[in-house]
Amino acid sequence: MDIFKQIRGEYLKLKRLPDLILILSLFFAFLILMFFQKGINGSSGFYTPELLSVQYLISFNLLLLSLVGFIPSAVIGAYISGVDYKNNTNVYMITNYGRIQSIMIKLIALCTFLLIFVSFVVFLSAVEALAINGQNSLLFKWKMIIPQFFSSYMILLVTASIGFMGATLMKKVYGGIVIAIILPLLLEQLTTIVSILNNITLSQWTSSLIAHSFQNIENDPQVQFSQVTTQSFTSIVFTIFAFLLIMYFLTLLITIKRDFKS
């Protein structure tokens, strides 16, 4: 039970940050605008009441989240990691919970927060379908939605983890956000020199997961799929897991080796 109190404590810290709440509120306002333009705009190019079902809207909105969700995920990851540096409570966390446990608590909080975040998008999609088309049924195919949900979650988790490690490294929230945005761009540039790195870029993972998971909306004129990857879904997931483990190991190493001063 103590671990749940510690995780709850991490969420309470975030609730006291007006700048974080503002950033997330603006992003959700953008998402809501994009969500409802799909259903309300009859000239959007793919508007039919029969098509804009719960099934379709969940897929479309999860795809949208996968493409633009790197912004809030980077912010969330950086804030969860850097909030104690921002509030000068990092020494308290280390003293009371230890270096490794303090990081593990934050990582669990990060993973849980993103899970709630993606789940909220699914809920919002169902509400959208009911509000726009008067759908009386919330039936959808779990076998289709689960891979899409998982793909969106993994894509956000990668960016959030980079922001998490960046904030730990820089001891600054905004330093973590900058690293989460710049690092994927640097990896993209390195692929022109070292071609083998092409398999570990965020854009490659995103396009590959989307190509494997969102095939039910590939004919939508508002959606442009990249060329289908030759990598299997399983190999991409394992590659991402390996990348995440490396990121978390480096974060733990930075924390263990750092000299904290009150």
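Points to keep in mind about this one:
- Taking first residues from segment 143-172 that are more than 18 Å from GLN55 (Cα to Cα) and partners that are among the small types (Gly, Ala, Ser) and not in a helix (DSSP H, G or I), the Cβ contacts under 6 Å between residues at least 6 apart in sequence or on separate chains come to LEU156/GLY69.
- Filtering ILE145, ILE177, ILE182 for residues that are closer than 24 Å to LEU124 by Cβ and aliphatic (A, V, I, L, M) leaves a single hit, ILE145.
- Matching residues, segment 170-179, being surrounded by 18 or more Cβ atoms within 10 Å (Cβ to Cβ) and hydrophobic (A, V, I, L, M, F, W, C): MET170, VAL173, ILE177, ILE179
- Only one of ILE108, ILE80 that is under 20 Å from the mean Cα position of the chain (by Cα) and under 30 Å from SER232 (Cα atoms): ILE108
- Checklist (1) surrounded by 16 or more Cβ atoms within 10 Å (Cβ to Cβ); (2) within 24 Å of ALA211 (Cα to Cα); (3) modelled with pLDDT of 80 or more applied to PHE164, failing item: (2)
- Test: GLU128 is within 22 Å of MET34 (Cβ to Cβ), charged (D, E, K, R) and assigned to a helix (DSSP H, G or I): yes
- Listing of helices (runs of 4 or more DSSP H) fully contained in segment 1-81 that carry 1 or more residues being in contact with a helix residue (DSSP H, G or I) (Cβ under 8 Å, 6 or more places away or on another chain) and modelled with pLDDT under 75: 2-15, 18-40
- Among the residues of this structure, PHE214 counts as one that is buried (at least 18 other Cβ atoms within 10 Å of the Cβ), modelled with pLDDT of 75 or more and within 30 Å of SER53 (Cα to Cα).
- Filtered by the rule that a residue be modelled with pLDDT under 80 and surrounded by fewer than 13 Cβ atoms within 10 Å (Cβ to Cβ), segment 229-259 gives THR230, LYS257, ASP259.
The values are calculated or read from the model by the stated rules, or taken from the named source; none is laboratory data. Here the structure is a predicted model, which is why all the values come from computation and not from measurement. Methodologically, a virtual Cβ is constructed for each residue, glycine included, from the backbone with ideal geometry; neighbour enumeration extends over all protein chains shown.
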